[in-house]
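What follows is calculated from the coordinates using simple rules that are stated; it is not laboratory data. Every value quoted in this text rests on a predicted model; they were computed, and no experiment measured them. Ideal geometry is used to build each Cβ from the backbone, glycine not excepted, and the neighbour counts take in all protein chains shown.
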Amino acid sequence: MIKKILIYILILIFSFSVKAEEQKVEFQYDGLYLRHINLDQLKTIYDDYDYHDFMYMPNWKFPPIFLETLPTDFSSITDPQLRNRLFLQIVTPLALKLNEEIIAERDGIEALRKEFEEKHDLSPDQIKYLEEKAEKYDIFTRLKGERRYALYFAELNEKVDIIPPSIMIASAAIETNWGTNRPAQIANSLYRELVWYTDEGLEPLDEKEDKSYRYKIFPTLYDSMKSHALKINSHVNYEMFRYNRHSMKERGTSLQGRDMAHNMIYDSNLQNFAGILDYTITFYMLGGVDEAQLAPLELPKSMR
């Protein structure tokens, strides 16, 4: 199988019109990663995996195809329906991958919590790990010893949890104007995340007065999504989101994007963002994606 995969990569590289040093097609253990490809090349790959739409996938299993950047000629799409559908196809696997990573992180913290409750002690490496998680999720306390770690575990239990994919997908669509705005095209920014008082980042062309901020530049689209998810799971503005998520989980209620959209009022400077978010999730029927998963990586259809 490895030989077949290598042959497939070579076929893709030599059939693509972009330069080999710029183009990237890489099979990893969890999926197919693509960079610097154009629309025709992407369509070939999607067709090879029977990925023709962002909905109605068999058993709600999506192929693990991860674009690191938008297609090089994405802005050339003139049909808004085609553009929007393709944008959803691109972003959906990234949102599902995000939750897989959050679940893995949560499982690691939970395993450590159980060990702590049994032994009432942590090793130096475990303490370092826990302190790093507390810093990452903006948890602070002056408590010491067991009480400190118990508080960390309680806070992390509420903060390190999944986010409905429909929220991440619809927010990206709104903030990037379906992948057409400058931050998305140049900075891989799906949520227009800002950096302040620095020369690093993408300068806003439409800002005439306030020169104190720029759009953060991300290596990949997924890095942008991951950064935004961390903000949702740590920042004080999303405390109600996290509280309601935890309450729904305690009640055994399925976590749906539409049910959580009203908690996202601080997610954007756009007026009535929560309402627009709810509308986008509803209109594009993204609720089904909240129950979806990534399929295992397989050989393309043409090689099975």
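Across region 97-159, how large is the tail of the calculated P(r) beyond 14 Å, expressed as a percent of all Cα pairs? Could the numbers behind the result be given before it?
Working: 1076 of 1953 pairs.
Here the long-distance tail beyond 14 Å is 55 percent of all Cα pairs in region 97-159.
Once R0 is set to 35 Å, what does the formula 1/(1 + (r/R0)^6) return for the Cβ-Cβ distance between Q126 and T220, expressed as a FRET efficiency to the nearest 0.05?
Working: r = 31 Å, r/R0 = 0.88.
E between Q126 and T220, to the nearest 0.05, is 0.70.
Points 7 angstrom from Cα along the Cβ direction at T44 and D107: gap in nanometres?
Using points 7 Å along Cα→Cβ, the separation is 3.6 nm.
Taking a ≥ b ≥ c as the square roots of the Cα gyration tensor eigenvalues, with a/c under 1.5 meaning rounded and otherwise prolate when a/b beats b/c, else oblate, which class fits region 17-135?
Numbers: a/c = 3.15, a/b = 2.33, b/c = 1.35.
Note, shape of region 17-135 comes out prolate.
In region 194-267, what GluC sites (Glu not before Pro) fall in a loop by DSSP, with at most 16 other Cβ atoms inside 10 Å?
Numbers: sites: E200, E207, E209, E239, E250; in loops: E200, E207, E209.
Answer in residue order: E200, E207, E209.
At most 12 other C-beta atoms within 10 Å and a DSSP loop state: those are the exposed chymotrypsin sites (Phe, Trp or Tyr not before Pro) I care about. Give me the longest piece of the chain that has none.
Working: sites that count: Y29, Y56, F140, Y197.
Counting at most 12 other Cβ atoms within 10 Å as exposed, the longest clean stretch of the chain is 198-304.
Add +1 for every Lys or Arg and -1 for every Asp or Glu among the other residues with Cβ under 15 Å from the Cβ of R148, and state the total. Kindly include the intermediate steps, with their values, before the conclusion.
On the way: positive: R113, K128, K133, R142, K144, R147; negative: E117, D121, E131, E132, E135, E146, E155.
That works out to -1.
What is the distance, in nm, between label points placed 7 Å from the Cα along the Cα-to-Cβ direction at E203 and at K61?
5.1 nm
For Rg and Dmax of the Cα atoms in Å, pick the label among (1) 26.7, 82; (2) 19.4, 57; (3) 20.8, 62 that corresponds to the value derived from the coordinates.
(3)
Rg and Dmax in Å for region 131-282, alpha carbons only: what are they?
Final numbers for Rg and Dmax: 17.1, 52 Å.
Before rounding to the nearest 500, sum -39500 (n - 2.57) across all DSSP H runs of length at least 4 in the chain and divide by the residue total; then give [θ] at 222 nm in deg cm²/dmol.
-15500 deg cm²/dmol
Report the Cα centroid-to-centroid distance between region 162-180 and region 214-247 in angstrom, as an integer.
So the two Cα centres are separated by 12 Å.
Tell me, what HN-Hα J-couplings in whole Hz come from the Karplus equation 6.51 cos²θ - 1.76 cosθ + 1.60 at θ = phi - 60° for each residue of region 256-262, using x for Gly and Pro?
In residue order, the calculated couplings are 10, x, 4, 5, 9, 4, 5 Hz.
Among the listed pairs K24/K136; K43/K301; K136/K249; K144/K249; K43/K97; K136/K159, which have their C-alpha atoms separated by more than 19 angstrom in this model?
Working: K24/K136 31 Å; K43/K301 14 Å; K136/K249 23 Å; K144/K249 30 Å; K43/K97 21 Å; K136/K159 11 Å.
Over 19 Å Cα-Cα: K24/K136; K136/K249; K144/K249; K43/K97.
Do any trypsin sites (Lys or Arg not before Pro) in region 156-259 lie in a DSSP loop with no more than 12 other beta carbon atoms within 10 Å, and if so, which? Please list the in-between numbers first.
On the way: sites: K159, R192, K208, K211, R214, K216, K226, K231, R242, R245, K249, R251, R258; in loops: R192, K208, K211, K216, R251.
Passing sites in region 156-259 are K208, K211, R251.
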